[in-house]
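Have a look at the structure below before the remarks.
The values are calculated or read from the model by the stated rules, or taken from the named source; none is laboratory data. These numbers were taken from a predicted model, which means no experiment stands behind them. Note that we place each Cβ from the backbone using ideal geometry, even for glycine, and neighbour counts take in every protein chain shown.
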Amino acid sequence: MFNAFLRYEQDFRAWVDAGFPDVNPLSRDFLDHLRRPDAPRYLWCHQMEAIQRAVYAYELLQQRGVLLNIVTGGGKTCIIAAIVAWLRYAHEIRKFLMLCPNTIVRDRLEDDFADAKVFRDFGFFPGGAEHITNELGLHVLERGAAPQGILDNGVVLGNIQQLYQTHITGQRNLAVIMNYIAELAVFNDEAHNTPAPEYDSVLYALSKRCKFRLDTTATPDRADGKTPDTKMIYEFGIYDAQSQVPPIIKSVVVYQPKLSAVQLTYTNPDTGERRTVDEMDEEFDRIEKGLSATQWVTDPDPMKKQIGIAVERLNEQKRRAETLAGGSYQPILFVVAICIKDAQAAYDMLTSDKTKGGFGINSLLVTEESTEEERIMAGIIGKRGKALGEAQKTLERKLCDLSKAKRLIEDGSKVEVVVSVLMLREGWDVPPVSVILLLRKFSSRVYGQQVVGRGLRLNQRGEDTQEFCAIVDHEKLDHKWLWDLVGAKVKTDIDAGDLFGIEDDLPPKRKPQVLANPDKLIHLPEPLEKEKEGIDLSDLDDLTVEMSDFENWPSVLAGFEYGPDTEITKVVVESVIGTPLFSRDGFSEIREGPDVGYSTPKEKDMSQAELVESLKHSVRDIASALLADAGEGSHELGYFYGVLMDHIRDKLLSGASAGTATVEQLRHALAHRHDIMGNFRRNPGLVTSIVKYKRGGDHANK
């Protein structure tokens with residue numbers, strides 16, 4: 001996303017150095033108050049910078065809608081609260097609407113703004129104005145909440161869905177705001193979601209009352225190329241956060257296994273015979289080409305090897321937490337899957353008793369089918385001491401049930417691993433996440449960065465200790481683009497057996513990126529609303545632009561092919577290669593392969609009805625993931641699910657419906673669930689075209 005503030009950098013810096021001239025005197029008092037040395041909690045330099053830029057943009061540049069691009073773990077909530085305090089203190093704005101995309105983000109914000117906690121903790125209001133804090137009570141928009149709370153409280157927080165006009169609750173909430181509130185400020189957390197049609201419609205309606213809008217996100221650039229319609233005035237990314245002393249986010253090391261042997265088992269499509277091949281067989285290369293990338297981490301044997309690597313990293317992180325942090329937090333392993341079937345398989349492996357070939361680790365599975373209690377527990381895990389006590393108080397307040405809150409706290413504090421499908425990306429802020437295991441392939445730069453972001457938050461803020469997050473990846477997933485995007489460097493010519501001490505050879509501190517030659521900036525004028533007369537565009541007549549647009553998408557789907565059912569039945573891990581991220585002088589760390597010491601148990605035979613349900617759930621998860629990668633809204637899930645089910649019926653079920661298909665046909669379809677993902681991802685723009693050029697179909701019409 002274009003940084004609209006670059007042209008003002010010199011003037012802004014001179015304004016700060018001069019002590020904030022030419023602004024509202026109350027704004028100057030407020031900024032001086034924030035910079036006082038005796039503040040109860042200090043602001044990071046980048047937080048103060050973001051606040052100053054917001055003041056400058058609003059008062060001197062007359063910009064009413066701005067965006068802050070702040071790295072995950074960079075304290076966006078504190079910045080939001082400070083700007084709320086400034087607008088109330090200096091500009092008499094009395095109503096603040098905070099919008100977010102889901103309940104996970106909402107719950108995090110609620111914890112900070114309930115009882116005006118964040119305002120009191122930081123002492124944002126200058127002397128003599130502390131009483132304003134009492135006006136910033138919190139009202140949460142949720143089902144069953146009376147709209148009167150919107151009028152009675154200064155801060156209104158809710159999922160954007162609570163203002164959608166497709167249901168009576170949203171109509172009522174928006175009507176109260178538009179009819180009874182003269183002016184307000186709007187805050188969009190995780191603002192990369194704002195270009196969605198429904199979200200954008202709500203913001204357009206609110207613009208008639210909005211005096212100032214602030215968007216915050218760590219990933220403003222979406223998969224579909226759309227960005228929020230506000231102007232970005234500040235970028236504080238991973239490199240910037242890593243350049244600070246003490247550090248603001250964790251370092252990251254990516255671990256990839258080096259395989260010394262692979263065995264494949266496939267079904268001969270002509271004879272139905274199951275055959276096992278390895279690298280010495282002539283047909284190995286041909287069969288291997290038919291594998292989807294995700295099978296290298298989701299077929300039973302390689303999945304167990306990957307989990308084994310991740311568990312070893314988790315045990316290392318436990319030792320670090322005890323040694324460097326006195327056991328003040330409990331490291332957590334976060335496992336990311338593409339569908340419930342894969343997530344359930346990983347969960348079963350993790351929780352099964354060691355005598356049965358499992359790992360015997362207390363784990364939590366979080367999917368769309370999870371209960372409310374399981375989702376609550378996902379926010380408790382890893383906390384100890386004071387943090388755990390505060391979590392219990394918050395939970396008691398929300399549930400109004402002391403015994404239930406205590407039970408959830410006890411159960412949540414025992415969890416060491418969380419397995420998730422699409423549920424815990426943005427807004428799930430659990431600093432103890434110290435290991436991430438990827439059991440899926442990412443194609444979207446937004447969601448790839450969001451998952452990495454779950455492991456960036458520090459457990460020890462303000463301590464100059466080197467925390468890091470270990471990410472267990474597989475080279476077959478081809479995530480090099482993601483590691484490059486976030487700054488990975490690989491040191492070459494590393495021989496097997498070389499060992500790099502993780503304590504001694506972590507990436508060095510980076511230098512912050514700064515604008516070196518502002519005088520060389522080229523100002524681009526705003527785009528013209530319409531073509532002006534007299535402009536000659538004849539030289540563009542022969543210009544052609546190839547667009548990934550599939551108006552006749554059914555023919556594309558008809559051309560998809562699915563080979564024999566192939567499973568990776570055995571892999572031997574020779575070593576594990578660790579690659580540091582966010583370093584310009586990278587290193588690699590080679591570890592011995594995990595001694596998993598167990599055999600893969602036979603998969604439980606599932607009935608026809610169980611297979612049907614498993615297929616439906618897998619297709620729904622695939623549809624959700626593909627829509628998310630393409631930047632399409634979840635409102636298209638029902639239609640797109642129908643398109644996928646029609647495709648599976650034609651290609652993998654021999655024309656039968658899921659309910660009438662045989663057990664063998666259903667198993668065949670499930671075996672190719674990752675190939676379906678791969679076929680769509682090899683055709684960028686296909687998902688968007690299916691939504692754009694809607695066609696009928698048995699399932700799509702329902």
> Are any residues in segment 311-349 closer than 18 Å to residue 295 by Cα, in contact with a helix residue (DSSP H, G or I) (Cβ under 7 Å, 6 or more places away or on another chain) and among the small types (Gly, Ala, Ser), and if so, which ones?
Replying inline: 337, 345, 346
> Quick one: in segment 528-570, which of the residues that are hydrophobic (A, V, I, L, M, F, W, C), more than 30 Å from residue 646 (Cβ to Cβ) and not in a helix (DSSP H, G or I) is modelled with the highest pLDDT?
Replying inline: 528
>> Being within 22 Å of the chain's Cα centre (by Cα), surrounded by fewer than 17 Cβ atoms within 10 Å (Cβ to Cβ) and in the same structural domain as residue 474 (by TED's automatic domain parsing) is true for just one of 322, 372. Which residue is that?
In response: 372
> Restricting segment 619-631 to residues that are crowded, with 22+ Cβ neighbours inside 10 Å and of a type outside the set (A, V, I, L, M), which is nearest to residue 196 (Cα to Cα)?
Replying inline: 629
> If you take just the helices (runs of 4 or more DSSP H) that sit entirely in segment 357-430, which of them hold at least 3 residues that are hydrophobic (A, V, I, L, M, F, W, C) and modelled with pLDDT under 80?
Replying inline: 385-399
>> Checking the conditions here, which among 201, 251 is touching a residue at least 24 places away in the same chain (Cβ under 8 Å) and either buried (at least 18 other Cβ atoms within 10 Å of the Cβ) or under 26 Å from residue 484 (Cα atoms) (or both)?
In response: 251
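Using the structure shown, decide if residue 180 is buried (at least 21 other Cβ atoms within 10 Å of the Cβ) and either among the charged types (D, E, K, R) or touching a Leu at 6+ places or on another chain (Cβ under 9 Å) (or both).
On the way: buried (at least 21 other Cβ atoms within 10 Å of the Cβ): no; either among the charged types (D, E, K, R) or touching a Leu at 6+ places or on another chain (Cβ under 9 Å) (or both): yes.
No; evaluated as a whole, the condition is false for this residue.
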> What helices (runs of 4 or more DSSP H) completely inside segment 40-155 contain at least 2 residues that are outside the structural domain of residue 432 (by TED's automatic domain parsing) and surrounded by 20 or more Cβ atoms within 10 Å (Cβ to Cβ)?
Replying inline: 45-59, 76-91, 103-113, 117-122
> Is one or more of the residues making up segment 8-31 in a helix (DSSP H, G or I), crowded, with 22+ Cβ neighbours inside 10 Å, among the hydrophobic types (A, V, I, L, M, F, W, C) and within 25 Å of the chain's Cα centre (by Cα)?
Replying inline: no
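Here is a yes/no grid of residues against (1) closer than 30 Å to residue 437 by Cα; (2) in contact with a Cys (Cβ under 9 Å, 6 or more places away or on another chain):
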{"residue": "203", "(1), (2)": "no, yes"}
{"residue": "207", "(1), (2)": "no, no"}
{"residue": "210", "(1), (2)": "no, no"}
{"residue": "243", "(1), (2)": "yes, no"}
{"residue": "253", "(1), (2)": "yes, yes"}
{"residue": "260", "(1), (2)": "yes, no"}
{"residue": "263", "(1), (2)": "yes, no"}
{"residue": "266", "(1), (2)": "yes, no"}
